[in-house]
Amino acid sequence: GAWDMLRAYQDMREANYKGADKYFHARGNYDAARRGPGGAWAAKVISDARETWQSGMSGRGAEDTRADQEANAWGRNGGDPNRYRPPGLPKKY
């Protein structure tokens with residue numbers, strides 16, 4: 001599961017596509033959770049740690065953290081990550 005989260009993060013950085021953040025959050029959690037309970041656990045731990053760090057360091061605020069966590073939970077619970085896919089994001093992702 002941790003590798004799925006890392007791959008989603010790397011793809012997000014590579015894509016550098018405005019508005020795609022939530023999609024990559026959902027996709028990383030979705031892919032990790034599909035590996036089973038251990039993957040879902042890893043996705044939750046990594047997501048929570050990232051959001052705790054980000055909310056304290058990035059200055060993006062509580063609303064962005066809440067929206068990120070919503071996308072994380074959506075993917076982790078089997079929701080289609082494409083719900084958050086922005087128009088025009090290359091099909092590669």
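Among the residues of this structure, residue 22 counts as one that is within 21 Å of residue 2 (Cβ to Cβ) and in contact (Cβ under 8 Å) with a residue 60 or more places away in the chain. Take the conditions (1) in contact with a Phe, Trp or Tyr (Cβ under 8 Å, 6 or more places away or on another chain); (2) more than 13 Å from residue 81 (Cβ to Cβ); residue 14 misses just one of them, which is (1).
Please verify whether residue 48 is over 21 Å from residue 1 (Cα atoms), surrounded by 12 or more Cβ atoms within 10 Å (Cβ to Cβ), free of Cβ contacts under 8 Å to residues at least 24 places away in the same chain and among the acidic types (Asp, Glu), treating the condition exactly as stated.
Working: over 21 Å from residue 1 (Cα atoms): no; surrounded by 12 or more Cβ atoms within 10 Å (Cβ to Cβ): yes; free of Cβ contacts under 8 Å to residues at least 24 places away in the same chain: yes; among the acidic types (Asp, Glu): yes.
When the stated conditions are applied, residue 48 does not pass them.
The set of residues in segment 11-33 being among the polar types (S, T, N, Q) and within 11 Å of the chain's Cα centre (by Cα) consists of 29 alone. Of all the residues in segment 70-87, those that are touching a residue at least 60 places away in the same chain (Cβ under 8 Å) and open to solvent by less than 60 Å² (accessible area, probe 1.4 Å) number 2.
Among the residues of segment 55-69, is there at least one that is in a helix (DSSP H, G or I), in contact (Cβ under 8 Å) with a residue 24 or more places away in the chain and open to solvent by 20 Å² or more (accessible area, probe 1.4 Å)? Let's see the steps before the verdict.
Let us first name the residues in segment 55-69 that are in a helix (DSSP H, G or I), namely 55-57, 62-69.
Still in the running and in contact (Cβ under 8 Å) with a residue 24 or more places away in the chain: 67-68.
Retained after the next criterion (residues that are open to solvent by 20 Å² or more (accessible area, probe 1.4 Å)): 67.
Yes; the residues of segment 55-69 include at least one that is in a helix (DSSP H, G or I), in contact (Cβ under 8 Å) with a residue 24 or more places away in the chain and open to solvent by 20 Å² or more (accessible area, probe 1.4 Å).
Just one of the listed residues (36, 79) is at positive phi, more than 10 Å from the chain's Cα centre (by Cα) and small (Gly, Ala, Ser), and it is 36. May I ask you to verify whether residue 70 is under 12 Å from the mean Cα position of the chain (by Cα) and modelled with pLDDT under 95? So residue 70 fails the test.
I'm trying to understand the selection: among the residues of segment 3-33, which are exposed (fewer than 15 other Cβ atoms within 10 Å of the Cβ) and either within 16 Å of residue 68 (Cα to Cα) or not aromatic (Phe, Trp, Tyr) (or both)? Please lay out each step first, then the result.
To start, the set of residues in segment 3-33 that are exposed (fewer than 15 other Cβ atoms within 10 Å of the Cβ) comprises 3, 6, 10, 13-14, 16, 18-19.
Hits for segment 3-33 are 6, 10, 13, 14, 16, 18, 19.
The values are calculated or read from the model by the stated rules, or taken from the named source; none is laboratory data. Please read all numbers here as calculations on a predicted model, not as lab measurements. Positions of Cβ are backbone-derived with ideal geometry, glycine not excepted, and every protein chain shown enters the neighbour counts. The protein model used for the area step is the full one, side chains on, heavy atoms only, and it has no ligands, DNA or RNA in it. Shrake-Rupley method; radii C 1.70, N 1.55, O 1.52, S 1.80 Å.
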